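K.L.:
Below is the structure I would like to discuss, written out as C-alpha cells.
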Amino acid sequence: MCGIVGYIGNKKSSDIIMSGLKRLEYRGYDSAGISSFEDGIIFTSKCKGKISDLEKLPSIKNHKNYIGIGHTRWATHGEPNETNAHPHHDSNNNFSLIHNGIIENHYSIKEYLINQGVNFKSDTDTEVLVQFISYLYDKKKLSFYETVKLALQEVVGTYGIVVMCKNEPNKLVAAKNGSPLLMGIGKDEKFLASDVSALLDYTRNILYLEDGEIAQIEADSYKINHINHENEIIKDIKEIEFTLDQIEKGHYKHFMLKEIFEQPNAVKDAIRGRINNSNVVKLGGVLDYTDRILNAENIFITACGTSWHAAQIGSYLLEDILKKPVKVEYASEFRYRNKSVNEKSLVIAISQSGETADTLAAVKKAKDKNALTLGIVNVVGSTIARETECGIYMHAGPEIGVASTKAFTIQVVILVLFSNLIAQKLNIKKSKSYLDNLKKVPQLISEILKLSDKIFEISKEFVNATNFLYLGRGYQFPVALEGALKLKEISYIHAEGYPAAEMKHGPIALIDDKMPVVAIVTKNGFDKILSNIQEVKSRGGKIISITTIDSDTLRNISDYYIYLDNCSDIHNAITPLLTSIPLQLLAYHIAVLKGCNVDQPRNLAKSVTVE
Ligand code: AGP
C-alpha cells in the first residue's frame, strides 16, 4: 500500500531514496517525504502529492548525507496533507519513522502518552508509534534497537517500519508484522524497501523479513532477531530474477497499456514447461499435495477484487470437472466466516501481489483450521506465497498499473492448468482438448489486440457516459464483472456486471437511451443472450457486443459490434481469456480520453496491505 525505502551506505541517500520512491509510486501516492541526517540532526522534507512534488521542494537539495528513509503514502488515518505525510517524528526530533500498515491500538497508546504530556501534531497512528518509541527511550534508557523492540512488544496491528535515531546515526532499525519489508544487501551498503522494484537499480540480493522480525542495520553489517526473543535469526539471501525493463514503460504511454499488450507473452510464460507434448499438465508446486487436493471434501477459493473475479472463473472450471461445489469467498468475508472449513478442506488463495491483507488473513484462518492452503500468486517470495503450504506461481512478470490486466488473464490460465491437472489425475479425458485450445491463446490475443484502434473509436462515443452495464452468461458473467470493475476503477464511470438473465429482475429498470450495455456473447447460450440483448434494445439501451460468433442478427441489433475472429470454436472454459481483452481496452481508451491517470487512479493503490 504505502511505499517504504531506506538506505545506509556510502552514497547520497536522497538520490537512492527518491529513485526507489518513484519505482514504488504505484503503490500509494497521496503524499511523500524523506528524512536524512544532516549536520547531526534529523532533517525532513515532506509534502502532499507525488514524488515529483517532493522533488520540487527547495529543501530537497539539503539532503546530502549517506543515511536516510523515505515514504510514499496512501492515507489510512488522517487526510493526505503535509502534516500527516511520513516520515513522522517525536516532539524532540530524536527519531524519524516510516510505516506501512495500521497500529490498531494507537488510540489507547495515544491517550496514555497525552496523559504523560506528549503533544501530537498529526492525525496518524504512525506518529503515535514514533512518540511512543521516544517516550520509552527517555524513560527506560535502553539502546535505540532495544527501545524499538520494546515498543513493538506493546503494539497491536500491522507494520513495516524503518526508524532513524539521532543518538545512533550510523544505524537503521527495521521491523515487520503483516506488511511487506525486505532488505537489499550491497557491499558496504544496505537498502530497505516494501517492494523489490525499489531496489533493482542497486542490488539483486534480497533478504525478506518475516512477521515479528526486527533488524538493526549498519552499512557493513546487520543483525536480525524476533521482537520477543534474543536469538539471532540467520536468513538466506535470495537473488531476484526479473529485470529493470520489465518494470519500465518502454515505448508505451502507460503501464496499463504495456501490460495489456504483454498478455500474449505472459500466457506463453505461464504455460511454458507446464504442459508436455502429450498435453499432460505438470505443476511442481502442488505435486506433493495431489492426494490431499483430490480427496478434499470441500473447496474454497478466496481473493479480493480482480483476483476474486478470476476465482469465480476457477470455480466454474473446477465444478465442471469435479462435479462438486466450489465456494468462492471474498477474503474479507472468509476471514470472519469460515465455519465449514476443516482439515478436509482445500483453500485456494489467489493474489497478484501476494500481500493483500484480507487474503493473507484468510490463508492464516484456513491454516488455523488445518485446511490445505494453495496459493496462486504472482510476486515470488511474497507473504501469501510463503504462507501457503503449496502453490503455483503465475509468472506474469511485474504488474505496475494499478488496474490489473495481465495478472487476471494469467490467474485464469493457472486455474485452467490446475483444473486440467485434476481432470488428468481423475482420468477425465476431455481435458486434453482444452489444452490444445489454451496453446492457441497467445496468438488469438495478439489478433484481438489489433482491435485496439477500433475500440478507441468506439470509446470516443462514451466519454460522457455516467453509467455502464456489462452482461454475460456462464463463463462470461465473471468477465462482465471484471469489465465493469476495470471501467469504474480507471474512468470513474459507474459500471455494474450482471448475469444477462438477471436483467429482468431489476436492472432493466435502468435502461434508457443513455445507458450503454456491453454484452459478451459466445456460442454457449447464444440464443438466450440474444433475447436478453433484445430486451435491452427494445428499451433504447446502446448495445456494444463483444462476440466470438459472427452473426448478422447480433450485428444488426448492436450499435457497436466487436467481433473476435477465429475464436468461435474455442472451448467455453477458455473464452474468458479472449473476451476480457477488449473490455480492458475499452476501459483503458475511455479513461485516457477522459484525461484520467490510468496507472494511478484516484484513491487506489496497487496492493492493499491494510484491512
Ligand atoms: C484490480 O484492478 C484491482 N486494483 C484490485 O481489485 C486487486 O485485484 C485486489 O486488490 C487484489 O489484489 P491482489 O491480487 O494483489 O491480492
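Each value in this text was obtained by applying a stated rule to the coordinates, not by laboratory testing. Owing to the predicted nature of the structure, the values given are computational and were not obtained by experimental measurement. Note that we place each Cβ from the backbone using ideal geometry, even for glycine, and neighbour counts take in every protein chain shown.
K.L.:
So, in Å, what gap is there between the alpha-carbon centers of the stretch 193-236 and the stretch 560-594?
P.N.:
Taking the Cα centre of each part, the stretch 193-236 and the stretch 560-594 sit 43 Å apart.
K.L.:
Volume per residue, Å³, of the convex hull around the alpha-carbon atoms of the chain?
P.N.:
Looking at the chain, the number lands at 157 Å³ per residue.
K.L.:
How large is the convex hull of the C-alpha atoms of the stretch 337-445 per residue, in Å³? Write out the running numbers ahead of the final one.
P.N.:
Numbers: hull volume 12.8 nm³, N = 109.
Convex hull of Cα atoms, per residue: 117 Å³.
K.L.:
Ranked from highest to lowest mean number of other Cβ atoms within 10 Å per residue, what is the order of the peptides 352-361, 287-296?
P.N.:
On the way: 352-361: 25.9, 287-296: 14.0.
The packing order, highest mean first, is 352-361, 287-296.
K.L.:
Looking at the chain only, what percent of DSSP beta bridges run antiparallel? Nearest 5 please.
P.N.:
Close to 60 percent.
K.L.:
Could you derive backbone 3J(HN,Hα) for the stretch 207-212 from the dihedral phi with the Karplus parameters 6.51, -1.76 and 1.60 (θ = phi - 60°), listing whole Hz in sequence and x where the residue is Gly or Pro?
P.N.:
Each residue's phi maps through the Karplus curve to give 10, 8, 7, 9, 4, x Hz.
K.L.:
If you don't mind, there's one more thing I want to ask. Within the set 282/323; 537/594; 454/606; 171/606; 258/606; 324/369, which residue pairs have Cα atoms separated by over 19 Å?
P.N.:
Pairs exceeding 19 Å: 282/323; 537/594; 454/606; 171/606; 324/369.
K.L.:
Round to the nearest 0.05 the FRET efficiency obtained for residue 38 and residue 492 when R0 = 51 Å and r is the Cβ-Cβ distance. Before the final figure, lay out the partial values.
P.N.:
Details: r = 42 Å, r/R0 = 0.82.
Efficiency at R0 = 51 Å is approximately 0.75.
K.L.:
Can you list the residues, at least 5 places off or on another chain, whose amide H is less than 5 Å from the amide H of residue 155, using H built in the peptide plane?
P.N.:
When sequence neighbours closer than 5 places are left aside, there are no close amide H contacts.
K.L.:
Also, I was wondering about something else. Expressed as a whole percent, how much of the Cα-Cα distance distribution for the stretch 102-196 exceeds 14 Å?
P.N.:
Percentage above 14 Å: 68.
K.L.:
For the stretch 455-533, what value does the Rg/Rh ratio take when both radii are computed over Cα atoms and Rh is the Kirkwood radius, given to two decimals?
P.N.:
That ratio equals 0.96.
K.L.:
Send over the Kirkwood Rh of the stretch 164-277, from the inverse of the averaged 1/r over different Cα pairs, rounded to one decimal Å.
P.N.:
Result for the stretch 164-277 stands at 16.7 Å.
K.L.:
On to the next question. Applying the Karplus parametrisation 6.51 cos²θ - 1.76 cosθ + 1.60 with θ = phi - 60° to the phi angles of the stretch 53-63, what ³J(HN,Hα) value in whole Hz is obtained for each residue in order, glycine and proline being reported as x?
P.N.:
Coupling constants for the stretch 53-63: 6, 4, 4, 7, 5, x, 5, 4, 5, 7, 8 Hz.
K.L.:
Continuing with the same structure: How much space per residue, in cubic angstrom, does the convex hull of the C-alpha atoms of the stretch 47-182 take up?
P.N.:
On the way: hull volume 15.5 nm³, N = 136.
With only Cα atoms used, the stretch 47-182 gives 114 Å³ per residue.
K.L.:
To continue, here is another question. Could you pull out every residue, at least 5 positions away or on a different chain, whose amide H is within less than 5 Å of the one on residue 38? Hs are placed 1.01 Å off N in the peptide plane, and Pro or chain starts have none.
P.N.:
43
K.L.:
Now for a different question. 222 nm [θ] for the chain, helices only, -39500 (n - 2.57) per DSSP H run of 4+, per residue, to 500?
P.N.:
-10500 deg cm²/dmol
K.L.:
Something else about it: Against the empirical 2.2 N^0.38 Å scaling, what ratio does the C-alpha Rg of the stretch 178-234 come to? Numbers along the way, then the final one.
P.N.:
Details: Rg = 11.4 Å, N = 57, 2.2 N^0.38 = 10.2 Å.
Ratio of Cα Rg to 2.2 N^0.38 Å: 1.12.
K.L.:
Could you rank the peptides 568-580, 225-237, 46-58 by their average count of other C-beta atoms within 10 Å per residue, with the highest value first?
P.N.:
Output ranking for 568-580, 225-237, 46-58: 568-580, 46-58, 225-237.
K.L.:
Under the rule of at least 5 residues apart or a separate chain, name every residue whose amide H is placed under 5 Å from the amide H of residue 222.
P.N.:
Sorted by chain and number, the residues that satisfy this come to none at all.
K.L.:
Please report the Cα spread of the stretch 38-109 along all three principal axes, rounded to whole Å, starting with the longest.
P.N.:
Answer, in whole Å and largest first: 37, 27, 17 Å.
K.L.:
Taking K and R as +1 and D and E as -1, what net charge do the other residues with C-beta under 11 Å from the C-beta of residue 377 add up to?
P.N.:
Value of the local net charge: -1.
K.L.:
At 0.36 nm per residue, and after removing the present C-alpha to C-alpha distance, how many nm does the segment from residue 143 to residue 93 gain when stretched out fully?
P.N.:
Working: separation 50, 0.36 × 50 = 18.00 nm, distance 1.66 nm.
The residue 143-residue 93 span can extend by a further 16.3 nm.
K.L.:
Additional query: Whole-Hz Karplus ³J(HN,Hα) for the stretch 85-99, in order, using 6.51 cos²θ - 1.76 cosθ + 1.60 and θ = phi - 60°, x for Gly and Pro?
P.N.:
Per-residue couplings from phi come out as 5, 8, x, 10, 10, 7, 4, 8, 6, 8, 10, 10, 9, 10, 8 Hz.
K.L.:
Filter the DSSP H helices in the chain by two things, a Kyte-Doolittle mean of at least 1.0 and an axial alpha-carbon span of 20 angstrom or more, and list the hits by number. All intermediate terms of the calculation are to be shown ahead of the outcome.
P.N.:
Working: long enough: 125-140 (22 Å, -0.16); 305-322 (25 Å, 0.28); 406-425 (28 Å, 1.34); 431-449 (27 Å, -0.14); 476-491 (22 Å, 0.34); 576-593 (26 Å, 1.49).
Going by DSSP H runs, the hits are 406-425, 576-593.
K.L.:
What order do you get for 86-95, 324-333 when each peptide is scored by the mean count of other beta carbon atoms within 10 Å, highest first?
P.N.:
The densest-packed peptide leads the list: 86-95, 324-333.
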